[in-house]
Amino acid sequence: MEMTKNSCSREIVVGWHDCDIKGDFRPYAFLNHTQEIAGEHANILGFGYNDLIKENHVWVLSRIMVRYLTHPGWCDRLTLKTWHKGMLSLFGLRDFVMYDESGQRAIVATSSWLIMNTQTRKIDRSTVFSSAAYMESTNRDNNAIEEPCGRIKRIPEMEYVRTHTVLCSDIDFLGHTNNAKYIEWITDSLGLQFLKEHRVAEFQVNFNAETRFGDKIDIYKKETASSQTGCTLYFEGRRGEETVFESRFSFTPCLP
């Protein structure tokens, strides 16, 4: 772990469990690593889980956009770097860059976080954003991705794919589905042959509502663009009539 005034970095070796059927670094694994380093960095700065939970507050991921510039694989040695960019409305902004061994950017991401009250399960405005530690460590002008991670526009006439029942393995110690699990649900909705033939170029997720053990989530998808150079698929998870997540995935075909 390396710290500067405005950022935090850690070394990662891509493990067997981090890889998909092609040996590529899974989107699910990337989100797991980003949430770990985000939590570590916030704790070091004095506004992480250990500090917020004293007032029944926790950070929750609301939106993230991830762009693959290359595709790291098994046993690759990577460096993951993060920094936060201050506040926008109720959101705390945080970016990530994953570097390969040569120092080139491999994966970049920008994210928006909210602070949730663990008692009411509602979004709360916190004094964190006005604290000296938060203000002094803000790196507002450094962007991993220039455009902000906005709201995904709902796509009409989506096709039902399957229903996922939220399992014990989906739940984290906050009592709800961990954010990375939504990516796993989407991946499981693609099919093995599709995953063999395609690589993720970019994905974006909006997390709209908590899901809990036993919830039945209907997953829908729609392809909105397709060509020889790739395709774009939209996904939506619904609990009854309520949309709990929306996502956009862009893929490129694997070269023969």
* For the range 236-256, enumerate the residues that are surrounded by 13 or more Cβ atoms within 10 Å (Cβ to Cβ) and of a type in the set (D, E, K, R). => Glu236, Arg238, Arg239, Glu246, Arg248
* **Candidate set from the range 191-235 (those that are under 18 Å from the mean Cα position of the chain (by Cα) and of a type in the set (Phe, Trp, Tyr)); member that is most open to solvent (accessible area, probe 1.4 Å)** => Tyr234
* Asked: Assuming Gly103 fulfils every condition listed in (1) assigned to a loop (DSSP other than H, G, I, E, B); (2) modelled with pLDDT under 90 apart from one, which condition is it?
  -> (2)
* Scan the range 166-188 residue by residue and report those that are under 20 Å from Glu223 (Cβ atoms) and crowded, with 17+ Cβ neighbours inside 10 Å. => Tyr182, Ile183, Trp185, Ile186, Thr187
* The one condition in (1) modelled with pLDDT of 95 or more; (2) open to solvent by 40 Å² or more (accessible area, probe 1.4 Å); (3) in a strand (DSSP E or B) that Thr79 fails to fulfil -> (2)
* To do: Please specify each residue of the range 1-46 satisfying the condition of being closer than 20 Å to Asn142 by Cα, in a loop (DSSP other than H, G, I, E, B), open to solvent by 60 Å² or more (accessible area, probe 1.4 Å) and touching a residue at least 40 places away in the same chain (Cβ under 8 Å).
  => Lys5
* Asked: Within the range 147-165, is there a residue that is in a helix (DSSP H, G or I) and open to solvent by 40 Å² or more (accessible area, probe 1.4 Å)?
  -> no
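Restricting to the range 47-60, name every residue that is under 17 Å from the mean Cα position of the chain (by Cα), open to solvent by 20 Å² or more (accessible area, probe 1.4 Å) and touching a residue at least 60 places away in the same chain (Cβ under 8 Å).
Taking the range 47-60 and keeping what is under 17 Å from the mean Cα position of the chain (by Cα), we get 58-60.
With open to solvent by 20 Å² or more (accessible area, probe 1.4 Å) added as a condition, the list becomes 59-60.
Answer for the range 47-60, where residues must be under 17 Å from the mean Cα position of the chain (by Cα), open to solvent by 20 Å² or more (accessible area, probe 1.4 Å) and touching a residue at least 60 places away in the same chain (Cβ under 8 Å): just Val60.
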* From Val66, Val128, residue being open to solvent by less than 70 Å² (accessible area, probe 1.4 Å), touching a Phe, Trp or Tyr at 6+ places or on another chain (Cβ under 6 Å) and under 16 Å from Tyr49 (Cβ atoms) -> Val128
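The values are calculated or read from the model by the stated rules, or taken from the named source; none is laboratory data. Just so it is clear, the structure is predicted and the values come from calculations on it, not from any experiment. Reconstructed Cβ throughout: ideal geometry from the backbone, glycine too, with neighbour counts over all protein chains shown. For the accessible areas, the whole protein counts, side chains as well, though only heavy atoms, and no ligand, DNA or RNA atoms are used. Shrake-Rupley method; radii C 1.70, N 1.55, O 1.52, S 1.80 Å.
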